[in-house]
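What follows is one structure encoded as structure tokens, with my remarks underneath.
Values quoted throughout were computed directly from the atomic coordinates according to the rules given, and no laboratory measurement underlies them. Fair warning: this is a prediction, and the values are worked out from it, not measured in the lab. With ideal geometry, Cβ positions are generated from the backbone for all residues, glycine too; neighbour counts draw on all protein chains shown.
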Amino acid sequence: MSEAWAGDGKRFFLTTPIYYLNGQPHIGHAYTSIAADVLARWKRLAGHEVFFLTGTDEHGQKVAQAAAAAGVSPQQFTDDLAADFRGMAEKIGISFDDFIRTTEARHKAACQALWKKLADAGQIYLGHYEGWYAVRDEAFYGEDEIEERDGKKVAIASGAPVEWTREPSYFFRLSEWTDRLLAFYEANPDFMAPISTQREVTAFVRAGLQDLSVSRTSFTWGVPVPGDDAHVMYVWLDALTNYITALGYPDTSLAKWDFWPANVHMVGKEITRFHCVYWPAFLMAAGLEPPKRVYANGWLTIEGQKMSKSLGNGLDPLLLAEEFGLDPLRYYLLREVPFGNDGDFSRRAVIGRLNSELANDLGNLANRVLSLIVKNCEGRLPALTPPTDADRALLGPVEALPGQVDEAISRQAFGEALERIWVVVRLGNSWIDGQKPWALRKTDPERMAAVLRSLHTALRTLATVLQPFMPGTMGAMLDQLGVGQGARALSDLSAPLAEGTELPAPVPLFRKIEETA
Ligand code: MSP
């Protein structure tokens, strides 16, 4: 990739949102985390030094209210739920390098240091806040951003109920940043994606920004404002800071600080305003570089309904992983919906893709080739021979594949990357049918061996590039292909496996599921 945000340097820092602890994790959270995980794993595979951050957002009125409703202290409540979120991340294969909790001492210290920096720069002043506040969104809305539904005032964008709030508050001079943000967007066209986000955010900033209330006095579950204990910091200032806490802020002399600025913040589309407007403004005001890119995924719905903890209809990712297998679930989530768009989760569609694309197209191809090698070549990898035109018809697209996948994943076009991969999977299937290695055993055993070797090369490439999407299953596939643990990076593809490498008897990679009505 030529874009600077994609990490031409070897370091690559990417993040998921930190999740609110006001309910159990659901498939919507898993969706963003899995997408980020694929990117993290891909960058590692491509030889980058990756720092992948995830965690939990534990302060604010919304979390305090959920704790009160559960009848426990906020600390107890968040300790329990943070463990659930961390456990879920581990079980769905999120390969994070750090899991941050905003209630940790390191984070409070970072928030207070950032606050002081902003205050010292004259960017924060004390005033009064008066306006519409939605606890569910932890966001303030203008008069033009709310409407009445069923006799209740709600935020138009999210439907969350709003309350009129008046209290003393510190303000951040966001209004001073309108022009500088617009200039920043213009100079960095890759900063926001997809295009819908870019348009929406730019229009919002163009309309002119107002100073932002960044402290609250109506509750105490938050990071105290330095020098004024009556206030806790606005939860979004607190939450966004997590991205630099994890790199050791305010100690910018540490080696891990070199990971700043972040290459990509992966977020849901409803929180782009915070990441594309407030966050770069806070950072620039504090003399720090803004992140290189914010990528917003769309909303996952179940039968047309947005899932959310507040609405309580989220599907449990662990139950789904049990039902379909974790890797088919990960595959489905990134294959079904063009990343960035909204999409619906449907059981029937998961099963359809599992049975046809995974079990039939990929699983059977691997099984056919490996069974033939076991049966006809005594389980040893045939020698490499100079490729014929027929071999080239397969090996050309195979060799081009890693570059194409890299290009798509580096733009967060995960579905496109999988489409590219399946072009080669399908080519492998039609190629084996055309070459008929099973019929060559008696007539031309040398050609049979060459055909199987070409197919082995194709399978090795496929399994290698698919590791980020389906780490467990592709690990098993590489085992079956005789590729050692130390030879599974993209760069290893240029070093062919030794002739005669012993291959174990293959076992099916995917389990088909009966389609029920
Ligand atoms: N705590 C804030 C984020 C702070 S980041 C500095 C927050 N948390 S959240 O738990 O409400 O949601 C976080 C993210 O979870 C969303 O931005 C999105 O990435 C993901 N999703 C939650 N529900 C989702 C769907 N139904 N569909 C797709 N993504 C979903 O906002």
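Taking the Cα-to-Cβ direction at residue 289 and at residue 499 and moving 7 Å from each Cα, how far apart do the two end points lie in nm?
Rounded to a tenth, the inter-label distance reads 5.0 nm.
So which lysines pass the test for residue 91, namely a Cα distance under 23 Å, with those fewer than 8 places away in the same chain ruled out?
The reachable lysines, counting only those whose Cα sits under 23 Å from residue 91, are 43, 309, 512.
For the range 386-517, just say rounded, prolate or oblate: build the C-alpha gyration tensor, square-root its eigenvalues into a ≥ b ≥ c, call rounded for a/c under 1.5, and beyond that prolate if a/b exceeds b/c, oblate if not.
Rounded.
Report, to the nearest 10°, how far helix 195-206 tilts away from the longest principal axis of the Cα atoms in the chain, using its own Cα long axis and a range of 0 to 90°.
20
Leaving out same-chain residues fewer than 8 places away, which lysines sit with a Cα under 22 Å from that of residue 108?
Answer for residue 108, where 22 Å is the Cα cut-off: 62, 116, 117, 256, listed by chain and number.
Can you tell me the order of 411-417, 41-47, 292-298 when each peptide is scored by its average per-residue count of other Cβ atoms within 10 angstrom, highest first?
Order by mean packing, descending: 292-298, 411-417, 41-47.
Tell me which residues come under 5 Å, amide H to amide H, from residue 129 once H is placed; ignore anything under 5 positions away on its chain.
Distant-sequence amide H within range of residue 129: 167, 169.
If each of residue 360 and residue 419 carries a label point 7 Å out from its Cα toward its Cβ, how far apart are those two points in nm?
2.0
For the range 457-517, run through the GluC sites (Glu not before Pro) and keep only the ones in DSSP coil with at most 16 other Cβ atoms within 10 Å of their Cβ.
When the GluC sites (Glu not before Pro) of the range 457-517 are filtered for loop state and at most 16 Cβ neighbours within 10 Å, 499, 514, 515 remain.
Scan around residue 139 for amide H atoms under 5 Å from its own, H built in the peptide plane at 1.01 Å from N, and keep only partners 5 or more places away or cross-chain.
Those qualifying (amide H under 5 Å, at least 5 residues apart or on another chain) are 134.
With θ taken as phi - 60° and the coefficients 6.51, -1.76 and 1.60, list the Karplus ³J(HN,Hα) couplings across the range 83-99 in order, rounded to whole Hz; mark glycine and proline as x.
5, 5, 5, 5, x, 5, 4, 5, 5, 9, x, 6, 8, 5, 9, 8, 10
Per the helix-only calculation at 222 nm, which mean residue ellipticity applies to the chain, given -39500 (n - 2.57) for every DSSP H run of n ≥ 4 and division by its residues, nearest 500 deg cm²/dmol?
Rounded to the nearest 500, it is -14000 deg cm²/dmol.
Tilt of helix 364-376 relative to the longest C-alpha principal axis of the chain, in degrees (0 to 90, nearest 10)?
Once rounded, the angle reads 30 degrees.
When 409, 146 are ordered from fewest to most other Cβ atoms inside 10 Å of their Cβ, what list results?
146, 409
Label point 7 Å out from residue 207 along Cα-to-Cβ: which residues of the range 120-136 have amide N under 20 Å?
Residues 130-136 qualify, since their backbone N sits under 20 Å from the label point.
Would you list, by chain and number, the lysines whose Cα falls below 17 Å from the Cα of residue 442, excluding same-chain residues fewer than 8 positions away?
375
Give me the angle, in degrees from 0 to 90, between the Cα long axis of helix 61-70 and the longest principal axis of the Cα atoms of the chain, rounded to the nearest 10.
Taking Cα atoms only, the helix is inclined about 80 degrees.
Of 377, 276, how do they rank once you tally other Cβ atoms within 10 Å and put the fewest first?
Fewest-to-most ranking of 377, 276: 377, 276.
Using amide H atoms built 1.01 Å from N in the peptide plane, name the residues 5+ places from residue 223, or on other chains, whose amide H lies under 5 Å from its own.
Amide H neighbours of residue 223, under 5 Å, 5+ apart: 233.
With a 10 Å radius around each residue's Cβ, average the other Cβ atoms per peptide and rank 65-74, 231-240, 218-227, highest first.
231-240, 218-227, 65-74
In whole Hz and in residue order, list the ³J(HN,Hα) couplings for the range 166-183 that follow from phi through the Karplus curve 6.51 cos²θ - 1.76 cosθ + 1.60, θ = phi - 60°; x for Gly and Pro.
Ordered by residue, 3J(HN,Hα) equals 9, 7, x, 7, 7, 10, 9, 6, 4, 4, 6, 9, 3, 5, 5, 5, 4, 5 Hz.
Give me the percent of DSSP beta bridges within the chain that run antiparallel, rounded to the nearest 5.
Bridges in the chain are about 55 percent antiparallel.
Points 7 angstrom from Cα along the Cβ direction at residue 479 and residue 10: gap in nanometres?
So the label points at residue 479 and residue 10 sit 3.1 nm apart.
What is the extension gain from residue 182 to residue 219, computed as 0.36 nm multiplied by their sequence separation minus the C-alpha to C-alpha distance, in nm to one decimal?
Gain on stretching residue 182 to residue 219: 9.9 nm.
Report relative contact order for the chain in percent, whole number only (criteria: Cα-Cα under 8 Å, sequence separation at least 6).
About 17 percent, as a whole number.
Would you work out which of 65, 75, 53 lies farthest towards the positive end of the dipole of the range 46-152? Charges go on Cβ: Lys and Arg +1, Asp and Glu -1.
Positive-most Cα among the choices belongs to 75.
Which percent, nearest 5, of DSSP beta bridges in the range 4-297 are antiparallel?
In the range 4-297, approximately 55 percent of DSSP beta bridges are antiparallel ones.
With θ set to phi - 60° and the Karplus curve 6.51 cos²θ - 1.76 cosθ + 1.60, what are the ³J(HN,Hα) couplings of the range 29-35 in order, to the nearest whole Hz, using x for Gly and Pro?
Calculated HN-Hα couplings, in order: 5, 4, 4, 5, 5, 5, 4 Hz.
How would you rank 339, 510, going from fewest to most other Cβ atoms within 10 Å of each one's own Cβ?
Ranked by crowding around the Cβ, least crowded first: 510, 339.
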